[in-house]
1. Would you check which residues across the range 149-176 are part of a strand (DSSP E or B), over 26 Å from Ile83 (Cα atoms) and touching a Ser or Thr at 6+ places or on another chain (Cβ under 9 Å) and list them?
2. Sort through Tyr73, Tyr58 and tell me the only one that's surrounded by 10 or more Cβ atoms within 10 Å (Cβ to Cβ), at pLDDT 85 or above and closer than 19 Å to Tyr95 by Cβ.
3. Of the conditions (1) closer than 18 Å to Tyr123 by Cα; (2) assigned to a strand (DSSP E or B); (3) modelled with pLDDT of 90 or more, Gln98 fails just one. Which one is it?
4. Looking at (1) surrounded by fewer than 17 Cβ atoms within 10 Å (Cβ to Cβ); (2) in contact with a strand residue (DSSP E or B) (Cβ under 8 Å, 6 or more places away or on another chain); (3) at pLDDT 90 or above, which is the one condition that is false for Asp78?
5. Tell me which residues, restricted to the range 58-68, are of a type outside the set (Lys, Arg) and either over 30 Å from Leu80 (Cβ atoms) or part of a loop (DSSP other than H, G, I, E, B) (or both).
6. Of the numbered conditions (1) of a type outside the set (D, E, K, R); (2) surrounded by fewer than 18 Cβ atoms within 10 Å (Cβ to Cβ); (3) more than 17 Å from the chain's Cα centre (by Cα); (4) at pLDDT 95 or above, Leu121 satisfies every one except a single condition; which is it?
7. Before we move on, is Ile50 under 28 Å from Tyr170 (Cα atoms), surrounded by 14 or more Cβ atoms within 10 Å (Cβ to Cβ) and not basic (Lys, Arg)?
8. Does Ala52 satisfy the criteria of being modelled with pLDDT of 95 or more, in a strand (DSSP E or B) and farther than 28 Å from Asn163 by Cα?
Amino acid sequence: MVMSMLFLFSCGGKKIKMSEAITERDSLPIMQTVGVTSLVSDSGITRYRIEAEEWIIYDKQKPPYWAFEKGVYMEKFDSLFNIDASVKADTAYYYNEQKLWKLMGHVHIQNLKGEQFDTELLYWNQTAEKIYSEKSIRIEQTDKIIVGQGFTSNQQMTAYTINNIEGIFYVNDSIN
C-alpha cells in the first residue's frame, strides 16, 4: 500500500511544455532527397538531367515549387539526346505550375556552340521557351567576351539579345 502511494505522488508535479501540433502542411515539404540524379521526361521523351545535393518539393505552398538551395546542375537534351545546354547554379527554384526556373548565385550556362554565360540571377520560362535576366551578364565566345546588363534568349541560348552592352573584348589566342 505504501509503495502504491509513493508511485502516485512521484508522477505528479512537473509538466513538460510541448509545441503546438502542426495542423497545416503548407510549410512542410512533401519530399526531401539528398544526393540526387534525376532524368526528367516530357511526353515520354527524356529532356533533362538534374543533379543536386538536396532537392525539396513544397507541393502545398502558393505557388508550389521545388527548391535546390544547395546548388543544382542541369543538362537539357535535344530529340537525339545531344546536350543543348548545361546549367549550374548555387541556388534554384522551379515553380512547376508556371514551368518557371529561378536560378541564383553564381549561374553558369554553356550552350551547344561552347559559348559560356555567367550571371547572378536568371529566369527560364519553359512555356515561353525563353531565358532572361536583368542582371549583369558575361558571355564568353571563342573570339570575344561580351559584358552587359540584362538579356533575353531562346532555350538553347543560341539566339540572344543583350539589353545594355557595356563592353566587347576581343580575344587573340595566338602569341607572337
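1. Going residue by residue through the range 149-176, those that are part of a strand (DSSP E or B) are 149-154, 160-170.
Add one more test, that the residue is over 26 Å from Ile83 (Cα atoms), and what stays is 149, 163-170.
Matches in the range 149-176: Gln149, Asn163, Glu166.
2. Details: Tyr73 fails: closer than 19 Å to Tyr95 by Cβ.
Testing whether each residue is surrounded by 10 or more Cβ atoms within 10 Å (Cβ to Cβ), at pLDDT 85 or above and closer than 19 Å to Tyr95 by Cβ leaves just Tyr58.
3. Of everything listed in (1) closer than 18 Å to Tyr123 by Cα; (2) assigned to a strand (DSSP E or B); (3) modelled with pLDDT of 90 or more, Gln98 misses just condition (2).
4. (3)
5. Selection gives Tyr58, Asp59, Gln61, Pro63, Pro64, Tyr65, Ala67.
6. Status for Leu121: all satisfied but (3).
7. Details: under 28 Å from Tyr170 (Cα atoms): no; surrounded by 14 or more Cβ atoms within 10 Å (Cβ to Cβ): yes; not basic (Lys, Arg): yes.
Answer is no for this residue.
8. Details: modelled with pLDDT of 95 or more: yes; in a strand (DSSP E or B): yes; farther than 28 Å from Asn163 by Cα: yes.
Answer is yes for this residue.
The values are calculated or read from the model by the stated rules, or taken from the named source; none is laboratory data. Please read all numbers here as calculations on a predicted model, not as lab measurements. Reconstructed Cβ throughout: ideal geometry from the backbone, glycine too, with neighbour counts over all protein chains shown.
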